[in-house]
Amino acid sequence: MVAMDIVFWVMTGLILLIALFLVFLLFWQFLFIFFAPLKPKKFKESDELKKFAIIIPAHNESAVIKGSVEFLLSKLDYPKELYDVYVCADNCTDNTAELAKEAGAKVYERHCDDPDKKRAAFPIKLLIEKIMESGIDYDAVVKFDADNIPCADFLKRMSDALNEGVEIARAHEAPSNMGQNLWTSVSSCYYARDSRLACNFRERTGMNSMISGAGMMVSLKVLREIGGWDAMSGIDDAEFAVLRMLEGRRIHYVADAIVFEDQPSSREDTANRNARMSNALAKLYWAKGFKLLGMFFKTGKLTYLDMFAQLSFVPLPLLLGISIPVYFVFYFVTLALQAAGIQVYTESLFTMGLEGSAFLTIIITLIAAGAALIFYYVFWTYQSWLGVFLDRKILGKKWYKEASKGIWLGAIAMVAYGSSVSSGVSKKKVKWKEIKRNTKSDA
């Protein structure tokens, strides 16, 4: 039975390593909660106003593109001569290009039959190339998705940040449809936690934030230095952030630059988005994640360890989903055989405290598993509530009513999230699927 002893110890060791890895990842979440009272950083207001090029990559966005461009050109509290809106109608089969032109955007159309080049990175690259070739003296590029609605002073806040030396920044993400249903509420709570807890902690402690495509800002100086847009994976914003971090550049979070984003409102759309993003993030993790870890050991800067930890959450659901069930099936079966009088292990193993108490061991294990689930539910629920509570002025007077499903059921919904993330990680490639936009008439 020596072979069974070896299998037991190997599997136990692997589970302990996974548990230690999980504790390491959760350490950062405790930091975010502990430092939650930190007030968001405010960049000093400046009379010097920067010039922006706003870019929007759009694929079949006829439902929202006209309203979004019109909003940007008429509702922002910023001199109209200091910004332009560029739209790339990317492989569109609808009238996205025509509607964007009618609204006042500078429009480029892109058509490509190569399925490997049908993703957002390519229209972003095209638009930035056109901007760099335009001869217009822009100071920075701001990227929005077709459904994004920024706060009125968004460009002013980014201009202030630029004047303080910020070259790359992410915005504060907020939902535009939080109270629509369970899925939008859960997603909204997650983004509140990410912006208000995680990004705020990183900005106030001098660490880097992960860029999000909604409202990200990059100076033309940086884009010229790197030769244009160079993040061409399926998760271009995160890849761009990691590449810049590995170069030693700082990525800021501008809390007062708020962008409202439409959240997926169905289980199918949520699962599709999670699978697509996790598939691309997993590839980024294996390609660049351990370089971030190496940078931590090289420089001693915690920001690299933090980003390595955040990327490590992507393969985690698949790792847990496989290892824990396999381990416990093996564990309980062998304990049951031992209780039935069938010797599975050598006597030496059971002289270490396992003999004669298989039933008690099973009960203790089940209690421990139940305690872990309770801890997970309380921890996740508290984080969700805290993020939304601190964001309540942005979310409006009905913040609790609209977020309540996400707060109290979010931990349970994360099981579905974990399933879709695992699906994305386990596949070689995830096909892009169109997500329904929630226009005002749909809300």
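What follows is calculated from the coordinates using simple rules that are stated; it is not laboratory data. Not measured: the values here are computed from a predicted model. Cβ sites come from the backbone with ideal geometry, for glycine too, and all protein chains shown count toward neighbours.
Counted by neighbouring Cβ atoms within 10 Å, the residues L243, L126 run from fewest to most as L243, L126.
Taking the chain as a Gaussian network of alpha-carbon nodes connected by springs under 10 Å, the highest mean-square fluctuation of the residues I364, I131, I168 belongs to I364.
Here the calculated FRET efficiency for V329 and L373, from their Cβ-Cβ distance with R0 = 30 Å, stands at 0.95, rounded to the nearest 0.05.
For K221, the aspartates and glutamates whose Cα comes closer than 15 Å to its Cα, not counting residues fewer than 8 places off in the same chain, are E129, E133, D137, D139, E164, E167, D230, E247. Placing unit charges on the Cβ atoms of the charged side chains and taking the dipole of the chain about its Cα centre, the candidate lying farthest along the positive direction among V415, L284, G135 is V415.
The modelled label-to-label distance between K130 and K117, using points 7 Å beyond Cα along the C-beta direction, is 1.6 nm.
Quick check on my link table: of K101/K143; K405/K429; K288/K428; K39/K298; K80/K101; K50/K130, which ones sit more than 21 Å apart, alpha carbon to alpha carbon? All intermediate terms of the calculation are to be shown ahead of the outcome.
Details: K101/K143 18 Å; K405/K429 32 Å; K288/K428 17 Å; K39/K298 31 Å; K80/K101 17 Å; K50/K130 19 Å.
The answer is K405/K429; K39/K298.
The stretch between R267 and F34, if pulled fully straight at 0.36 nm per residue, gains 80.6 nm over its current Cα-Cα span. Placing a pseudo-label 7 Å from each Cα along the Cα-to-Cβ vector at E164 and K428 gives an inter-label distance of 4.8 nm.
Of all DSSP bridge pairs formed entirely within the chain, close to 25 percent run antiparallel.
Once backbone amide H atoms are built at 1.01 Å from N, Y253 has R170 as its partners under 5 Å, excluding neighbours fewer than 5 places away on the same chain. Amide H to amide H distances under 5 Å link F52 with Y83, D84, D139, where only residues 5 or more positions off or on other chains count and H is placed in the peptide plane.
Extending 7 Å from the Cα toward the beta-carbon at both K401 and D230 defines two label points whose distance is 5.1 nm.
Would you be so kind as to identify all helices of the chain, as entire DSSP H runs, whose Cα atoms reach 30 Å or more along the helix's own axis and whose mean Kyte-Doolittle hydropathy is at least -1.0?
Helix filter hits for the chain: 2-34, 316-339, 358-390, 399-426.
Comparing G418, G215, G165 in a Gaussian network model of the chain where C-alpha atoms under 10 Å apart are linked, the largest mean-square fluctuation is found at G165.
Extension gain for E45 to F24 (0.36 nm times residue separation, less C-alpha to C-alpha distance): 3.7 nm.
Here the sum of -39500 (n - 2.57) over DSSP H runs of 4 or more residues, divided by the residues of the chain, equals -17500 deg cm²/dmol at 222 nm, to the nearest 500.
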